[in-house]
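S.K.: Sharing a structure with you now.
The values are calculated or read from the model by the stated rules, or taken from the named source; none is laboratory data. From a predicted model like this one, the values you see are computed outputs, not experimental measurements. FYI the Cβ positions are ideal-geometry reconstructions off the backbone, even for glycines, and counts take in every protein chain you see.
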């Protein structure tokens, strides 16, 4: 990998601008996405900025199952993003369709319409989970993966539940 | 030597570094005032490189020539305005009688390029943003001109270097221009499209204003032009209203100059933190009903003082 390519990869990892798109979620995941962007979590530390225009964004954060109404709009917004672009599916519905799977008006998860780079399950996905997913997606761009940050929570010990 | 002046100092390289640095200072102060950590120091540079390496999309209906030429125009106008401004000595790189007016007009060009860029992107959001930035131009431009020309009138010269030399000789006279300094600071926010006057790029209403259709390296150049405009307009305000420490040796002069620019950027960041966006008609009302009379009163005051000083 040449020097210029290295610099470009570094810049891409350090400056992900996100756009948020709701394909028909119940708004719980949207609230969590907004919460992740508040000063409490301070995503600007990683260079994340919320952009209004899809032309400016690198990462599309999509929440909700793809409904038949929103499928064409989702595709159009995806096409408006400039390459290289990444899609993050936030929430169980975005990953698989969730409880809405099989509904007459629901196509399924986001990957039924557009390619997805990262899946963040959860109903609703917590802000910490969303940040973790985006950081993992970005560190997957680096060919030499840096040491991932140590897990914040202690691993939960298995407790034998009496039958 | 001319090539060195254009490319390295005080030309492109110095302005790019200063622009990116003061964008970082602005964002960092904003973050600290919101009790968060804020971006690392290389953030504006990373944004710039990333945008340069991104795909550049030109809408099918857009005017290709104007769409690609406008970011370059904005960058060129701001950089060339910088050559006439005295930085840390009473002398500027180039100077001629009347360059204060030329610098003001060169600093108007970026706003016009925003308008043309938004208009010829043929997108609804960018057209609304373009028209708003032009409406805003008519509101802030007159008070800004009057405020900036008040110290020039007192110094009896239209050249920035002459103004700096006059206030170095008569430092107390600069205190007379405090109202004009306040007017210039507020209208500068309108010129730079910063909160509370970021009406043309209100991202909650019209996506990204005139820049909605811009992507990749065109957007990178526009962002760079805006960053550099902060430094150039800040230098102009500093040269006009805070002409102190110009007689110091150059190494102290540079430090004083950078501190003065940091003061202007800090004022912008503080106002960005504590204010919300105004509506366009509130902004026009405010500029015409309050700022313009204050600037006019300043002009009258300076005329009277000048009459007493020169028998």
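S.K.: Just to be sure before I move on: is residue A:19 within 12 Å of chain B (Cβ to nearest Cβ), touching a residue at least 40 places away in the same chain (Cβ under 8 Å), outside any loop (DSSP other than H, G, I, E, B) and under 15 Å from the mean Cα position of the chain (by Cα) in the structure I sent? Full working, then the answer.
M.R.: Numbers: within 12 Å of chain B (Cβ to nearest Cβ): yes; touching a residue at least 40 places away in the same chain (Cβ under 8 Å): yes; outside any loop (DSSP other than H, G, I, E, B): yes; under 15 Å from the mean Cα position of the chain (by Cα): yes.
In short, yes.
S.K.: Among B:299, B:278, B:309, which is out of contact with any helix residue (DSSP H, G or I) (no Cβ under 6 Å at 6 or more places or on another chain), more than 13 Å from residue B:189 (Cα to Cα) and at pLDDT below 90?
M.R.: B:309
S.K.: Hey, any hits in the stretch B:204-213 for a residue that's assigned to a loop (DSSP other than H, G, I, E, B), more than 14 Å from every other protein chain (Cβ to nearest Cβ) and at pLDDT below 85? I'd like the intermediate steps shown before the answer.
M.R.: Initially, the stretch B:204-213 is screened for residues assigned to a loop (DSSP other than H, G, I, E, B), giving B:204-208, B:212-213.
Filter once more, so that each one left must be more than 14 Å from every other protein chain (Cβ to nearest Cβ): none.
No, that holds for no residue.
S.K.: Anything in the stretch A:79-99 that is without any contact (Cβ under 8 Å) to a residue 12 or more places away in the chain and outside any loop (DSSP other than H, G, I, E, B)? List them, or say none. So that I can check it myself, show each step before the final result.
M.R.: Step one: filter the stretch A:79-99 for residues without any contact (Cβ under 8 Å) to a residue 12 or more places away in the chain, giving A:79, A:83, A:99.
Within the stretch A:79-99, A:79, A:99 qualify.
S.K.: Which of the residues that make up the stretch A:112-133 are at pLDDT below 85 and not in a loop (DSSP other than H, G, I, E, B)?
M.R.: A:112
S.K.: While we're looking at this one, here's another question. Out of the residues in the stretch A:71-88 that are away from chain B (no Cβ under 12 Å) and more than 17 Å from the chain's Cα centre (by Cα), state the one that is nearest to residue A:17 (Cα to Cα).
M.R.: The residue in question is A:76.
S.K.: I'd like the full set of residues that are touching a residue at least 40 places away in the same chain (Cβ under 8 Å) and either within 14 Å of chain B (Cβ to nearest Cβ) or within 25 Å of residue B:126 (Cα to Cα) (or both), limited to the stretch A:45-70. Talk me through it step by step, then tell me what you get.
M.R.: Pass one, the stretch A:45-70, residues touching a residue at least 40 places away in the same chain (Cβ under 8 Å): A:46, A:48, A:57-67, A:69-70.
Passing the criteria: A:46, A:48, A:57, A:58, A:59, A:60, A:61, A:62, A:70.
S.K.: Another question, if that's okay. Taking residue B:67 and the conditions (1) assigned to a helix (DSSP H, G or I); (2) under 21 Å from residue B:228 (Cα atoms); (3) under 19 Å from the mean Cα position of the chain (by Cα); (4) in contact (Cβ under 8 Å) with a residue 60 or more places away in the chain, which numbered condition does it fall short on, given that it satisfies the others?
M.R.: (3)
S.K.: Moving on. Is it the case, given these coordinates, that residue B:223 is within 14 Å of chain A (Cβ to nearest Cβ), more than 18 Å from the chain's Cα centre (by Cα) and assigned to a helix (DSSP H, G or I)? First the steps, then the outcome.
M.R.: Values: within 14 Å of chain A (Cβ to nearest Cβ): yes; more than 18 Å from the chain's Cα centre (by Cα): no; assigned to a helix (DSSP H, G or I): yes.
Criteria not met by residue B:223.
S.K.: So residue B:84 passes all but one of these: (1) assigned to a loop (DSSP other than H, G, I, E, B); (2) under 21 Å from the mean Cα position of the chain (by Cα); (3) within 8 Å of another protein chain (Cβ to nearest Cβ). Which condition number does it fail?
M.R.: Result: residue B:84 fails condition (3) only.
S.K.: From the list A:102, A:52, exactly one residue is in a loop (DSSP other than H, G, I, E, B) and more than 17 Å from the chain's Cα centre (by Cα). Which is it? Can you show your working first?
M.R.: Working: A:52 fails: more than 17 Å from the chain's Cα centre (by Cα).
Criteria check complete, one pass: A:102.
S.K.: Is at least one residue of the stretch B:116-124 more than 14 Å from every other protein chain (Cβ to nearest Cβ), touching a residue at least 40 places away in the same chain (Cβ under 8 Å), over 16 Å from the mean Cα position of the chain (by Cα) and within 25 Å of residue B:257 (Cβ to Cβ)?
M.R.: no
S.K.: Could you tell me which of the residues B:20, B:15 is surrounded by 20 or more Cβ atoms within 10 Å (Cβ to Cβ), closer than 17 Å to residue B:220 by Cβ and modelled with pLDDT under 90?
M.R.: Working: B:20 fails: modelled with pLDDT under 90.
Only one candidate qualifies: B:15.
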